[in-house]
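First the structure, in the form of structure tokens, and then the observations on it.
A short reminder: the numbers here are calculations on the coordinates, not readings from a lab. No experiment lies behind these values; they were computed from the predicted model shown. We place every Cβ from the backbone using ideal geometry, glycine too, and count neighbours over all the protein chains shown.
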Amino acid sequence: MTNALEVTVPDGVPYIDYVREFDYPAREVFRAHVNPESYAQWIGPGSLETRIDAFEPTSGGSYRFVQTDSEGEYAFRGVFHSVRPDEFILQTFEYEGFPDETSLDYMRFEDLPDGRSRLIGHSLYPSVETRDNFVSSGMESGMASGYDKLEQLLAFATA
């Protein structure tokens with residue numbers, strides 16, 4: 001993919017920042033984040049299958065999805081605190097395997113010239129140790145793989 005994910009993991013602080021550009025408008029990238037059928041197709045690495053158990057992407061709504069591979073199941077859940085169509089999502093994110101290690105995440109969706117867009121994200125963790133555990137679990141490669149799949153999904157949808 002020509003649009004690489006950029007992840008910044010600063011020393012000594014409990015957050016990460018990430019940026020990814022897409023060859024599609026912000027509204028389409030946003031919709032793929034809030035449509036459960038689309039979300040299940042692109043979230044996470046290609047080696048995982050995703051099942052959506054709950055998905056209410058509105059301010060105050062919640063979500064839960066389960067990813068599976070040959071080694072087991074991995075469940076995630078959270079609450080959508082603020083959702084502004086085509087521009088912003090503020091949510092919590094919790095891997096059920098590490099209860100109480102919830103991050104607070106925001107994503108901004110910005111239009112760029114020529115029908116392109118930029119996704120800007122920030123994830124705040126309870127501690128540097130928690131953040132480092134998520135990073136060392138392969139989070140960055142999983143995010144990159146997922147966003148590459150999202151780009152392919154958008155290409156297929158507009159073809």
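Considering the dipole of the chain built from charges on the beta carbon (Lys and Arg +1, Asp and Glu -1) around the Cα centre, which of Pro45, Leu153, Thr58 is farthest to its positive end?
So the residue furthest toward the plus end is Thr58.
Given charges of +1 on the Cβ of Lys and Arg and -1 on the Cβ of Asp and Glu, with all other atoms neutral, how large is the dipole of the range 1-119 about its Cα centre, in debye to the nearest 20?
Working: 10 positive and 23 negative charges, 73 e Å.
Computed about the Cα centre, the dipole is about 340 debye.
When Lys and Arg each count +1 and Asp and Glu each count -1, what net charge do the other residues less than 10 Å away from Arg108, Cβ to Cβ, add up to? Walk me through the intermediate numbers first.
On the way: positive: Arg84, Arg118; negative: Glu87, Glu110.
Net charge in that neighbourhood comes out at 0.
Would you kindly state how much longer the chain becomes between Gln41 and Glu96 on full extension, computed as 0.36 nm times their sequence separation minus their alpha carbon distance, in nm to one decimal?
Numbers: separation 55, 0.36 × 55 = 19.80 nm, distance 2.06 nm.
So the chain would gain 17.7 nm between Gln41 and Glu96.
Within the chain, which whole H helices from DSSP have a Cα span along their axis of at least 24 Å and a mean Kyte-Doolittle hydropathy of 0.0 or more, if any?
The answer, listed by residue number, is 139-158.
Pick the calculated Rg and Dmax of the Cα atoms in Å for this structure from [x] 16.6, 52; [y] 14.3, 46; [z] 14.9, 45?
The value computed from this structure is option [z].
First select every other residue whose beta carbon is under 9 angstrom from the beta carbon of Asp23; then total the charges, Lys and Arg +1, Asp and Glu -1.
Numbers: positive: Arg116; negative: Glu21, Asp114, Glu151.
Here the count lands on -2.
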